[in-house]
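Visitor: Quick one: the structure is below, questions incoming.
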Amino acid sequence: TEETAPDGYVVAESIVFTVAKDGKVTVDGKDVGGVIIMKDDVTKVTISKQDITGDKEVPGATLQVIDKDGNVVEEWTSTDQPHEINEKLIAGETYTLHEENAPDGYAYAEDVTFTVDKTGKVTEVVMKDDVTKVTISKQDITGDKEVPGATLQVIDKDGNVVEEWTSTNQPHEINGKLNAGETYTLRETNAPDGYAYAEEITFTVDETGKVTEVVMKDDVTKVTISKKTLTGSEELAGAELEVHDKDGKTVDSWTSTDQPHEINGKLIAGETYTLVEITAPDGYQVAEAVTFTVNQ
């Protein structure tokens, strides 16, 4: 009987032998010529790195097998085939399978502990990777309503655009495309009509498989138009005013009062408009048209 196998070998099956009175040694009735041979097989461990949705192998993960003392006894990069470790791990010992680096588009898997089989069977270990999950919400600054019509980009650390889309009335999902632990920038390249451009947002993709939720808020465009006398700072009431777009269409009209006129959420950020005085107050001449561009 083998009580303990050498490192890298499994415990062999016991051998029953008989010694006859005449000194002949037999095993299972066969004369062995006085020599009993016990053969040890090596330990065999197969490690499979799979997608959480099935049994497909996932290449590109950096994996480590760590012993009870914290030593890395095996390290490799996964391929489209399971990884075999023969004659290296100790039978009956417990090890930890650790993912040091996840493949692009996948989150980091939790560590897996396993014990090497003593009997010679192949110890099969499976680690599952989930894809990274990012949800990006484009909302109105006054609440949590989704704002359609914004052109948005996700940019990586090297300045490459890795995702581009136009917002809708639902959050945008990016699954299996961004890298776990990496930092990205969310940029608005075109604001919806009536909204200003939001500041860029940086975010880091969660490593554990949780959904990374990113919210970008858009404020409405705000334009204040003041009608004043040439010689003073007081507001001049009674002027009929219009704002025309680049095609000459009237987008707002009003009669001035003793307060400035506000146009919120109506003009387009970055667009140029013309302020036209249609009728001047009594005693005043009609002013020249004024062009202005809405702040982004």
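Visitor: How do ILE90, ILE85 rank by accessible surface area computed with a 1.4 Å probe, from largest to smallest?
Guide: ILE90, ILE85
Visitor: In whole Å, what are the extents of segment 80-169 along the principal axes defined by its C-alpha atoms, from largest to smallest?
Guide: Here the Cα extents, ordered largest to smallest, are 65, 28, 18 Å.
Visitor: How much area per residue is accessible in the chain when the probe is 1.4 Å and only protein heavy atoms are counted (Å²)?
Guide: The answer is 58 Å² per residue.
Visitor: No solvent, one uniform scatterer per C-alpha: report log10 I(q)/I(0) for the chain via the Debye equation at q = 0.06, 0.10, 0.12, 0.15 1/Å, two decimals.
Guide: Debye curve over Cα of the chain, log10 I(q)/I(0) at q = 0.06, 0.10, 0.12, 0.15 Å⁻¹: -0.46, -0.76, -0.90, -1.09.
Visitor: Now, a different point. Between segment 59-111 and segment 146-180, how far is it from one alpha carbon centroid to the other, in angstrom?
Guide: Comparing the Cα centres of segment 59-111 and segment 146-180, I get a distance of 33 Å.
Visitor: Applying the Karplus parametrisation 6.51 cos²θ - 1.76 cosθ + 1.60 with θ = phi - 60° to the phi angles of segment 98-107, what ³J(HN,Hα) value in whole Hz is obtained for each residue in order, glycine and proline being reported as x?
Guide: So the J values, rounded to whole Hz, are 10, 8, 7, 8, 7, x, 4, x, 10, 7.
Visitor: Which whole-number value in Å³ per residue fits the convex hull of the alpha carbons of segment 137-296?
Guide: Enclosed volume per residue, from the Cα hull, is 138 Å³.
Visitor: Need the list of lysines near LYS249 for cross-linking: C-alpha distance under 16 angstrom, and skip anything on the same chain fewer than eight residues off.
Guide: Correct list for LYS249: LYS266.
Visitor: Using only the Cα atoms of segment 6-128, build the gyration tensor, take square roots of its eigenvalues as a ≥ b ≥ c, and label the shape rounded, prolate or oblate: rounded if a/c is under 1.5, else prolate if a/b is larger than b/c, else oblate.
Guide: Taking the square roots of the gyration eigenvalues as a ≥ b ≥ c, segment 6-128 is prolate.
Visitor: While we're on this one: For the peptides 276-285, 113-122, what is the packing order when you average, over each peptide's residues, the other Cβ atoms within 10 Å and list the highest mean first?
Guide: Highest-to-lowest ranking by the protection proxy: 113-122, 276-285.
Visitor: Continuing with this model, one more query. For the chain, which whole percent of the accessible surface, found with a 1.4 angstrom probe, sits on carbon and sulfur atoms?
Guide: 45
Visitor: Which order do THR123, THR272, THR96, THR142 take when ranked by solvent-accessible area (1.4 Å probe, heavy atoms of all protein chains), largest first?
Guide: THR142, THR272, THR96, THR123
Visitor: Mind checking which lysines have their Cα closer than 30 Å to the Cα of LYS44? Skip sequence neighbours fewer than 8 apart in that chain.
Guide: By straight Cα distance, LYS44 reaches LYS56, LYS68, LYS88, LYS118, LYS121, LYS128.
Visitor: What is the spread of the Cα atoms of segment 215-258 along each of their three principal axes, largest first, in whole Å?
Guide: 46, 26, 15
Visitor: Which far-off residues, 5 or more places away or on another chain, put their amide H under 5 Å from the one on LYS88, with H placed in the peptide plane?
Guide: HN-HN under 5 Å from LYS88: THR43.
Visitor: Can you compute the charge dipole magnitude of the chain about its Cα centre, using +1 on each Lys and Arg Cβ and -1 on each Asp and Glu Cβ, nothing else charged? Give it in debye, rounded to the nearest 20.
Guide: It works out to roughly 440 debye.
The values are calculated or read from the model by the stated rules, or taken from the named source; none is laboratory data. All values reported here derive from a predicted model rather than from experimental measurement. Here the Cβ is made from the backbone with ideal geometry for all residues, glycine too, and neighbour counts use every protein chain on show. These accessible areas exclude ligands, DNA and RNA; they are computed on the full protein's heavy atoms, side chains included. Shrake-Rupley method; radii C 1.70, N 1.55, O 1.52, S 1.80 Å.
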